[in-house]
Amino acid sequence: MLRRGKSEFQIKSDAEIAKMREAGLVVAETLEKLRAAVEPGITTADLDAIAERHIRDAGAVPSFKGYHGFPATICASVNEEIVHGIPRPDKELREGDLVSIDCGAILDGWHGDSAVTVGVGEIDDEARALLSVCEEAMWRGIAAIRQDNRLGDIGHAVDGYICSRGTYGNVREYGGHGIGTEMHQDPHVPNFGKPGKGPKLVTGLCLAIEPMVNLGGDETLLLADDWTVITADRSRSAHFEHSVALTADGPYVLTAFDGGKDRLARFSAGATAGGS
Ligand code: MG
Ligand code: MG
């Protein structure tokens, strides 16, 4: 894959952000469809087929398929699997499972990338809390994408929130990334960091924010399929992700139907748009 220079980030124009929005909406629709399809008895290969059909019907291309040889449209990671699980016809979801679904699409040359973790049927309180902590950590990170903030502010917001909620494992070996005409661009966006450190965030920068949070420790293992990442202690894990553009009005969530307006309103003191 093309790798950009160390400090050369791809800055998008408003017209390019509008194109990324179209790609982001294809991903949002796909994940909404998958969320509705998750139920006991469905296989992760079934989910993959739904995703591929939806993306291709929308005139887009699944970006994961063939990426470094990845064989499917989505990553489907169940329970102790953190990320990069390969969909399988023999992987049937059961009541109480957690399934993390990561999905990417390319439309007109521009990428969207987003992930959700969904409970299968009824899930226990511990699992519900895990999902809430991981999703809120993502929103805290997104809210830190502000002009004049620095990259470290994002990870600081993510990690600070996770730590404030109890003894969760915040996965450190994987993180977010720049996104645009490639799925993975610089900068890498760690889910931990020092406030005020790192490159400045500027208008036109687009980032995927994606915390991975474990009920146990933060250590990971790679399975023999060379893709699936699991928790070393086999504790359950969650993963949420959105692709976000930094605009003159603040963070705009390309992969959320409302652009993130609802979830970001409480952070928007000083922003021109958005509710109070
Ligand atoms: Mg992703
Ligand atoms: Mg990503």
Expected single match for of a type outside the set (D, E, K, R), under 30 Å from Asp249 (Cα atoms) and free of Cβ contacts under 8 Å to residues at least 40 places away in the same chain among Ala58, Ala144, Ala137, Ala105 is Ala144
(1) within 15 Å of ligand 2 (Cβ to nearest atom); (2) surrounded by fewer than 21 Cβ atoms within 10 Å (Cβ to Cβ) all hold for Gly166 apart from (1)
Of the candidates Gly112, Gly85, the one satisfying the condition of being in contact with a Ser or Thr (Cβ under 8 Å, 6 or more places away or on another chain), within 16 Å of ligand 2 (Cβ to nearest atom) and either under 19 Å from Thr255 (Cα atoms) or part of a strand (DSSP E or B) (or both) is Gly112
Scanning region 154-170 for residues that are of a type outside the set (Gly, Ala, Ser), under 18 Å from the mean Cα position of the chain (by Cα) and part of a helix (DSSP H, G or I) gives Ile154, His156, Val158, Asp159, Tyr161, Ile162
Considering only strands (runs of 3 or more DSSP E) wholly within region 171-276, the ones with at least 1 residues that are more than 14 Å from ligand 2 (Cβ to nearest atom) are 212-214, 220-222, 229-231, 237-239, 242-247, 250-253
**Request:** Examine region 180-191 for a residue that is surrounded by fewer than 16 Cβ atoms within 10 Å (Cβ to Cβ) and over 29 Å from Asp108 (Cβ atoms), and state whether such a residue exists.
**Result:** no
In region 54-73, is there at least one residue being buried (at least 21 other Cβ atoms within 10 Å of the Cβ), closer than 24 Å to His184 by Cα and of a type in the set (D, E, K, R)?
-> no
The lone condition Arg94 fails out of (1) assigned to a helix (DSSP H, G or I); (2) surrounded by fewer than 16 Cβ atoms within 10 Å (Cβ to Cβ) is (1)
Is it the case that region 124-142 has a residue that's away from ligand 2 (no atom under 16 Å from the Cβ), open to solvent by 40 Å² or more (accessible area, probe 1.4 Å) and not in a helix (DSSP H, G or I)?
yes
Just to be sure before I move on: is Ser100 more than 19 Å from Leu223 (Cβ to Cβ), open to solvent by less than 10 Å² (accessible area, probe 1.4 Å) and not charged (D, E, K, R) in the structure I sent? no
Scanning region 28-45 for residues that are open to solvent by less than 70 Å² (accessible area, probe 1.4 Å), in contact (Cβ under 8 Å) with a residue 40 or more places away in the chain and in a helix (DSSP H, G or I) gives Ala28, Thr30, Leu31, Leu34, Thr44, Ala45
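The values are calculated or read from the model by the stated rules, or taken from the named source; none is laboratory data. Since the structure is predicted, the reported quantities are computational estimates derived from the model, not experimental observations. Heads up, the Cβs are rebuilt from the backbone with ideal geometry, glycines too, and the neighbour counts pull from every protein chain shown. Ligands, DNA and RNA are stripped out before the accessible areas are found, and what is left, the full protein with its side chains, is counted by its heavy atoms. Shrake-Rupley method; radii C 1.70, N 1.55, O 1.52, S 1.80 Å.
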